[in-house]
Amino acid sequence: MKLTVDELTALFGGRTRFVERLAQHDDPLRHAREVLRALPDEELREALNAHPRIGERSVSAIAAAEQGAENDPSVLAELNQLNRAYETKFGFRFVVFVNRRPRSQIVPVLRARLERTRAQEVATAIDELVAIAEDRYRKMEEGRRKREEGRYVT
């Protein structure tokens, strides 16, 4: 399955050099992890930082739907503090496949991941980023199929 730069931009949260590289592959999602692992550190950080911060208020409609509407001020404040600590320690944004969990359930995940090494976090962040993109792709394809089925109903 060939995907355009625009489609990959939507799946990965932003147009980055990684997305442009990935668009050159015939099956980009299958190659995403290997491409990410081979990126120079600057481009890897760019790809990870294209993803919105968990708990951030100004996110895309897709990210907002994935992160849910839980807006407890104490949870948001803690996420903000933990996000800053994470970025200071690892040099890139915390990336997690929320999978429709409330933000309050992400707080302990973020705390635990702060205890890890950078190498562990790079590996996990890559897997999480690709899992998010794969989930978005599945939804995109389901929507496309439903629209096509609607057109052919007689």
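Taken over region 1-50, the criterion of being closer than 20 Å to Phe90 by Cα, free of Cβ contacts under 8 Å to residues at least 24 places away in the same chain and not in a helix (DSSP H, G or I) is satisfied by Leu39, Pro40. Remark: Arg147 falls outside the filter, which requires a residue to be touching a helix residue (DSSP H, G or I) at 6+ places or on another chain (Cβ under 8 Å), surrounded by fewer than 17 Cβ atoms within 10 Å (Cβ to Cβ), under 30 Å from Asp27 (Cα atoms) and at pLDDT below 90. If you check Val75 against the conditions, is it hydrophobic (A, V, I, L, M, F, W, C), assigned to a loop (DSSP other than H, G, I, E, B) and at pLDDT below 95? Taking the combined requirement at face value, the residue does not satisfy it.
Of the residues making up region 110-145, those that are part of a helix (DSSP H, G or I) and farther than 26 Å from Leu22 by Cβ are Leu110, Arg111, Ala112. Counting only residues that are of a type in the set (A, V, I, L, M) and assigned to a loop (DSSP other than H, G, I, E, B), which one in region 51-66 is modelled with the lowest pLDDT? Ranking the candidates gives Val59 first. Among the criteria (1) surrounded by fewer than 16 Cβ atoms within 10 Å (Cβ to Cβ); (2) at pLDDT below 95, the one Arg111 does not fulfil is (2).
The values are calculated or read from the model by the stated rules, or taken from the named source; none is laboratory data. Given the structure is predicted, the values throughout are model-derived calculations rather than measurements. Because the Cβ atoms are built from the backbone with ideal geometry, glycine has one as well, and the counts that use them run over all protein chains shown.
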